[in-house]
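The structure under discussion appears below in the form of structure tokens.
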Amino acid sequence: MDGQMAQAGRLIGLPERMSDDVVLLDGHVLADAEAHLAGEDAEMLLRFEAPHASTLDQTRAAIGRWIAARAAGGPMFAYAVRSAAGELVGGCELRLAAPDSADVSYWVFPAFRGQGYARRALTLLCQAAAKLDGVCWAEAHIDADNLASRRVAERAGFVETGVVKDQARSGDLVRRVLYTLALKPETGRYSGQRPTPPS
């Protein structure tokens, strides 16, 4: 528990907002719930040809958990991904996975794909993670058939380094492709397998 608290406290060092003038990362608000649910529905229909199972109340509860985690400094830090005009286009998360690494995840709703939002959001998130004490690399676990997310990771400088088993929402273990990105000079178990991040 003390280790979890120490890791959570390190996330307080992450900025509240980040922007590159095209994409803005900031905190979710409960008013995002309808747009978020609509984006999830569109994603489920696109990828699985099935409607999403979440309700508006469940989406509000999830956003409430993201808000609470940000206020507590972790263990997960979620950002809303917005256009420069402030429209919700997706989200991203960072979670400390080990003393020297962070797991990242990211999504952009189908209506906003192909505009560079996901790559820009992932780049901003990794730049922030690189400033955390002791965090030397980032990793993303991506479904093998999610070619769009794999391309985003590669365009942000990540390289494919293996396969990992993650627990799915159903509780089953699923195999995902592991992508890694060096955030600082090469150290640790993946030394030599990852590129220096693009400047």
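For this structure, a couple of remarks:
- Residue in the stretch 44-59 that is under 24 Å from Leu11 (Cα atoms) and either touching a helix residue (DSSP H, G or I) at 6+ places or on another chain (Cβ under 6 Å) or of a type outside the set (Gly, Ala, Ser) (or both) present: yes
- Residue selected from the stretch 9-29 under the condition among the hydrophobic types (A, V, I, L, M, F, W, C), crowded, with 18+ Cβ neighbours inside 10 Å and within 14 Å of Val135 (Cβ to Cβ), by the criterion modelled with the lowest pLDDT: Leu11
- Evaluating Pro99 against the criteria (1) more than 15 Å from the chain's Cα centre (by Cα); (2) modelled with pLDDT of 95 or more leaves one unmet condition, (2).
- Residue ID - farthest from Ile67 (Cα to Cα), chosen from residues in the stretch 83-129 that are charged (D, E, K, R), surrounded by fewer than 21 Cβ atoms within 10 Å (Cβ to Cβ) and out of contact with any Cys (no Cβ under 8 Å at 6 or more places or on another chain): Arg113
- Here the condition is being in a helix (DSSP H, G or I), among the charged types (D, E, K, R) and at pLDDT below 80; of Arg65, Arg47, it holds for Arg47 alone.
- Test: residue in the stretch 76-96 that is farther than 16 Å from Ala31 by Cα, among the charged types (D, E, K, R) and more than 13 Å from the chain's Cα centre (by Cα): no
- Meets criteria (at pLDDT below 85 and more than 18 Å from the chain's Cα centre (by Cα)) for Ala38: no
- The set of residues from the stretch 81-133 being among the hydrophobic types (A, V, I, L, M, F, W, C), part of a loop (DSSP other than H, G, I, E, B) and out of contact with any Gly (no Cβ under 8 Å at 6 or more places or on another chain) comprises Ala84, Ala85, Ala130.
- Screening the candidates Ala80, Ala84, Ala72, Ala35 for the property of being touching a residue at least 40 places away in the same chain (Cβ under 8 Å) and in contact with a His (Cβ under 8 Å, 6 or more places away or on another chain) yields one hit, Ala80.
The values are calculated or read from the model by the stated rules, or taken from the named source; none is laboratory data. Quantities reported herein were computed from a predicted structural model and do not represent experimental measurements. All Cβ positions, even for glycine, are placed from backbone atoms using ideal geometry, and neighbour counts span all protein chains on display.
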